[in-house]
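Heads up: the structure comes next, in structure tokens.
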Amino acid sequence: MSAESTTPRTVHVALNERSYDIIIQPNIIAEAGRVLAATVHSRRCLVVTDRNVGPKYGPRLAKSLQMAGFDGSLAELPPGEAAKSLKVAEILYDRCLGAGLDRGSCLIALGGGVIGDLTGFVAATYYRGIVFVQVPTTLLAMVDAAIGGKTGVDLPTAKNAVGAFHQPRAVLIDPLTLATLPDRELKAGLAEVIKYGVLDDAELFAFIEQHSQQLLAKDTAALAHVIERCAAIKARIVSQDEREQGGGPRALLNLGHTFGHAIEAATGYQGYSHGEAVAIGMCMAVALSVELQWLAPADRDRVVALIAHVGLPTKLKPTDPDTNTLYAASLKDKKVAAGSLRFVVAEGIGKTKVVTDVPEAVVKKVWDSGRE
């Protein structure tokens, strides 16, 4: 591992009194207690993780917290999207009470996007809001889910339908945790990395094209570079538009998600991971962009080719729900405004915009064409 890859990288999220730092540093989990002692005033905390991540990184985090004087306990939850529910949130509220957490206490999310979203939602609503910290261990969470303060849980037919904006006190990213990440989850994270290149950064997109093999091989320096770049893009957008008001800049982060969330909901959160659904959704988004004459077909092909190259799906399976079912699922998404679906379309690699009032026939044509 090069000296450059071990150098701490810090991205600041500027939100006045809610500002915080994203620190990207190998082995930062072992130093988390020292880092958090400067920003988290209460020493009573509860670490929330799942049964896959907890045994790998929980002891190291616990030791770090203990050495810094934190009085903490651990809650291990079942892994997977099913844990992101009101039922599991209620279990977690009980754990908070059992651990003696008060309004000054802290929740620490150790895991992927599911754990981060759930923990953040509980932190936003327990005693009307307590401090929480994100320690993401998946690529998808590092570049997207752990940053920006969106928290929430799923309803049976609608993803992230219940939630709150609640910014973390800090985000601590240890790229070395990706060494134990299953290849399927790494690729799912790359879907979000590619998303950032398409929506805002042509140079990042080109870097992924040129360094895809290093990224797939979990090269620490390459991963740290894309994590920092994605975090910087999201930090800038969130600083401009914290709560996604009126289709502002934050809405661009939903590239591929109008289609992707519908795929997840219509398949019961079983057939595809979030990143895989977003990958297919991005392919549909650029197809829609061409259909609406905003994007050149060559740029569409470049996006689809990169998604396929890193091993992500680009089309629905023939056995997936039909177009009418998928379209109906999209109408339940939180991105519907005044009864109209909002789509993020591309005008080129690195340039996107939000459109509404897309004719139903055009959207359904894209759904039809996006199937094997």
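Nothing in this text is a laboratory measurement; each read-out follows from the coordinates by a stated rule. Fair warning: this is a prediction, and the values are worked out from it, not measured in the lab. Positions of Cβ are backbone-derived with ideal geometry, glycine not excepted, and every protein chain shown enters the neighbour counts.
Cysteines of the chain lacking any other cysteine Cβ under 4.7 Å from their own Cβ: Cys96, Cys230, Cys283. The label-point distance for Arg184 and Asn324, in a model that sets each label 7 Å from Cα toward Cβ, rounds to 3.2 nm. For region 1-156, the dipole from Cβ point charges (+1 on Lys and Arg, -1 on Asp and Glu) about the Cα centre works out to 280 debye, to the nearest 20. Sequentially through region 307-324, phi angles give Karplus couplings (6.51, -1.76, 1.60; θ = phi - 60°) of 4, 5, 5, 8, x, 9, x, 10, 9, 5, 7, x, 7, 5, x, 6, 4, 4 Hz, Gly and Pro residues having no value and appearing as x.
Relative to the longest principal axis of the Cα atoms of the chain, the long axis of helix 183-200 makes an angle of roughly 70 degrees. What the phi angles of region 226-243 give under the Karplus curve with 6.51, -1.76 and 1.60, with θ = phi - 60°, is a coupling list of 6, 4, 4, 5, 5, 4, 5, 5, 5, 4, 5, 5, 5, 5, 7, 8, 4, 10 Hz, glycine and proline written as x. Note on region 29-69: with charges restricted to the Cβ of Lys and Arg (+1) and Asp and Glu (-1), its dipole about the Cα centre is near 100 debye. Of the labelled figures (1) 121; (2) 130; (3) 215, only one reflects volume of the Cα convex hull per residue in Å³ as derived from the coordinates, namely (1). Can you spot the lysines whose alpha carbon is less than 24 Å from Lys63's alpha carbon? Ignore those fewer than 8 places along the same chain. Within the straight-line cut-off, Lys63 pairs with nothing.
Dipole of the chain computed with +1 at Lys/Arg Cβ and -1 at Asp/Glu Cβ about the Cα centre; of Met282, Thr138, Val310, farthest Cα towards the positive end is Thr138. Sites listed here are trypsin sites (Lys or Arg not before Pro) in region 103-206 whose DSSP assignment is loop and whose Cβ has at most 13 other Cβ atoms within 10 Å: Arg103.
In debye, nearest 20, what is the charge dipole magnitude of the chain about its Cα centre with +1 on Lys and Arg Cβ and -1 on Asp and Glu Cβ, if you could check?
660
Anisotropy class assigned to region 3-180 is rounded, per the alpha carbon gyration tensor with a/c under the 1.5 cut-off.
Which trypsin sites (Lys or Arg not before Pro) from region 1-74 combine a DSSP loop assignment with at most 16 other Cβ atoms within 10 Å?
Passing both the DSSP loop test and the Cβ count: Arg51.
Amide H contacts for Leu15 (H built 1.01 Å from N in the peptide plane; partners 5 or more residues away or on another chain; cut-off under 5 Å): Tyr20.
Taking amide H positions as modeled 1.01 Å from N, with prolines and chain starts lacking one, the residues under 5 Å from Gly72 and 5 or more places away or on another chain are Cys45. With the simple model of a label 7 Å out from the Cα in the direction of the Cβ, Tyr93 to Glu360 spans 3.8 nm. Overall form of region 283-372: oblate. Here a/c, set by the Cα gyration tensor axes a ≥ b ≥ c, is 1.5 or more, and a/b is not larger than b/c.
The separation of region 302-370 from region 106-149, counted between C-alpha centres, amounts to 27 Å.
Residues whose amide H comes within less than 5 Å of that of Gly111, counting only those at least five positions distant or on another chain, are Val135, Thr137 (H built at 1.01 Å from N in the peptide plane).
Hey, what number do you get for the chain at 222 nm if only DSSP H runs of n ≥ 4 count, each worth -39500 (n - 2.57), divided across all residues, to the nearest 500?
Here the helix-only value at 222 nm equals -13500 deg cm²/dmol.
Of the options Ser19, Trp367, Gly260, report the single residue whose Cα projects farthest towards the positive end of the charge dipole of the chain (beta-carbon charges: Lys, Arg +1; Asp, Glu -1). Working it through, the farthest residue towards the positive pole turns out to be Ser19.
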